[in-house]
Every structure is written in structure tokens, then in C-alpha cells.
Amino acid sequence: MARGFHEPGDKPRRFYAAVSVAPAEGGYAVLLDARQLRGPKGGQVVLPTQALADQVAEEWAAQGERLELAAMHATRLANTAIESIPQARDATAQAIADYAASDLLCYYATEPAGLLERQERLWGPVLDRAEAEAHLRFIRAAGIVHQVQPPETLARVKAIALALEDFGLTGLAFGAALFGSGVLAIALQRGWLSGAEAFALSRLDEAWQEEKWGVDDEAAARTERLSGEAAMLERWFRGLSS
């Protein structure tokens with residue numbers, strides 16, 4: 001397997017010594033020793049920019065004796081973009097629009113007043129920018145009762161997603177799921193926010209609770225893991241535009 005991205009029950013052993021990046025037809029390839037990285041379906045993994053190829057290569061170079069495949073997010077995004085997205089672009093864009101239909105940034109607390117003030121101060125400017133620059137007008141709600149969003153807004157979110165090439169669309173879908181927000185995913189993709197900023201905005205409620213009651217080890221580990229994914233996604237988007 002030269003090798004692709006397989007996940008047997010046990011973590012596979014590292015089967016290569018050196019990792020490098022080389023030009024390939026259509027972009028850049030990641031080489032494991034002298035053999036080109038392949039995806040789960042056996043196709044060659046070709047990245048559109050050297051920066052993106054470097055990001056994937058670094059994941060493979062960082063592996064120890066056993067491969068931590070589940071933690072290789074850029075590799076997984078690349079495989080998805082190459083092998084799955086071309087046949088599922090419309091469904092993927094619709095999934096992003098569905099996140100926007102119940103977007104995290106539209107649901108404001110009714111209490112406590114301090115949390116509401118924080119949401120208005122930090123979420124409000126992002127929604128304002130989405131409306132001003134991306135023509136996305138969202139209706140803000142108080143509490144958790146579902147607020148129907150304008151159909152034209154959701155159609156616009158889907159159109160924004162479909163306008164991206166496969167690697168960008170893959171990243172946007174990952175971001176919408178990671179943040180629970182189509183708006184934050186678009187903000188990160190367009191460079192309005194860093195990965196750290198988008199992640200922080202996605203967990204204002206959690207951060208508020210942690211300030212009041214503290215953080216247990218399991219929650220801290222989860223936050224660290226998701227924060228790393230947000231940083232990875234920021235680099236993914238920047239790598240696409242480099």
C-alpha cells in the first residue's frame with residue numbers, strides 16, 4: 001500500500017522512512033520514500049498547491065512507529081476532496097446551508113446578562129460583516145426556539161459553497177461541522193477570522209460556563225483537540241490561496 005489511507009483495527013505500522021513533496025501532473029504529490037501517496041480508493045493524491053502538499057506531508061513525517069490516521073486531518077480532507085466531493089458537490093453545499101439554517105451565531109442567550117453582552121459584542125460584528133460583504137442576512141433569535149432564516153440567505157450560502165473548487169468546498173464543510181456554523185466557516189475561509197478566533201466564537205457558551213465552574217480534564221482535552229483542528233483548517237484555506 002504506497003500507499004493509501006487504510007484503517008485496520010490495529011494502528012498500522014509506519015512503512016516508510018522519508019517524506020517529501022514533488023511536482024506532479026496537476027499539482028504536487030506527497031512521496032513516502034519514493035512512492036506517491038494514494039487515497040483509500042487507490043488513486044494518486046495530488047494537491048493543488050505546494051503549501052497544501054507540505055501540510056499533508058508534515059502529518060506523515062510526524063508519525064511514529066504506529067500511524068495515528070484519525071488525527072491526520074489534512075490528509076483526510078485531501079482524500080475527501082479528491083475521492084468524494086466531485087460526486088457530491090451539491091449535497092455537500094446543501095449540508096453547509098443546513099448548518100446556516102440553524103446557525104450557532106443566530107441564537108442569543110436570554111440570560112445571564114453577561115453572556116448575552118458577550119455574544120452581542122463578539123458575534124454581532126461577524127453577522128454584520130456577513131451581511132455587508134457576502135450579502136447574507138440572518139435573523140437573530142433569543143433562546144433556543146428555532147428561527148427560520150430567509151430562503152434567499154440559505155440559497156446564497158449554498159451558492160458561495162458551490163463557487164469553491166473541491167478542496168475549498170471540503171474545507172468549508174469541515175468548518176461548518178466543526179464550528180456548528182456556516183457563517184464562521186465562511187468567515188475563516190475568507191480570512192475574516194483566524195482559526196483560533198473562529199473556534200473561540202463557536203464556544204462562547206462553553207467558555208462562559210468554564211469561567212464559572214471550572215474545566216475538567218476530559219473537556220480540556222476535547223477543547224485542545226478541536227482547537228488544533230481549527231488551526232489546521234486555517235492553514236488549509238491559506239495553503240489553497242498561496
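What residue, among those in region 159-213 that are in contact (Cβ under 8 Å) with a residue 24 or more places away in the chain and among the charged types (D, E, K, R), is farthest from Gly26 (Cα to Cα)? So the residue we want is Asp205. For region 54-82, a residue qualifies if it is buried (at least 17 other Cβ atoms within 10 Å of the Cβ) and over 17 Å from the mean Cα position of the chain (by Cα), and the qualifying residues are Asp54, Ala57, Trp60, Gln63, Leu67. If you check Thr49, Thr75, Thr92 for being among the hydroxyl-bearing types (Ser, Thr, Tyr) and assigned by TED's automatic domain parsing to the domain that holds Gly180, only one passes: Thr92. In region 93-110, the residues that are crowded, with 16+ Cβ neighbours inside 10 Å form Cβ pairs under 7 Å with partners that are β-branched (Val, Ile, Thr) and in a helix (DSSP H, G or I), at six or more places apart or across chains, as follows: Ile96/Val157; Ala97/Val157; Ala100/Val157; Ala100/Val183; Asp103/Val183; Leu105/Val126; Leu105/Val183. Applying the criterion of being in a helix (DSSP H, G or I) and basic (Lys, Arg) to the residues of region 194-225, the residue that is nearest to the chain's Cα centre (by Cα) is Arg225.
The residue pairs whose first member lies in region 38-66 and is in contact (Cβ under 8 Å) with a residue 24 or more places away in the chain and closer than 11 Å to Gly27 by Cβ, whose second member is in a loop (DSSP other than H, G, I, E, B) and aliphatic (A, V, I, L, M), and whose beta carbons are closer than 6 Å, counting only pairs six or more residues apart or on different chains, are Val45/Leu37.
Of all the listed residues (Gly191, Gly228, Gly239), the sole one being in a loop (DSSP other than H, G, I, E, B) and at pLDDT 95 or above is Gly191. Each residue in region 116-132 was checked for being out of contact with any strand residue (DSSP E or B) (no Cβ under 9 Å at 6 or more places or on another chain) and touching a residue at least 12 places away in the same chain (Cβ under 8 Å), and 6 of them qualify.
The values are calculated or read from the model by the stated rules, or taken from the named source; none is laboratory data. This structure is a prediction, so every number in the text was calculated from the model and none was measured. Here Cβ is always computed from backbone atoms with ideal geometry, including for glycine, and neighbour counts include all displayed protein chains.
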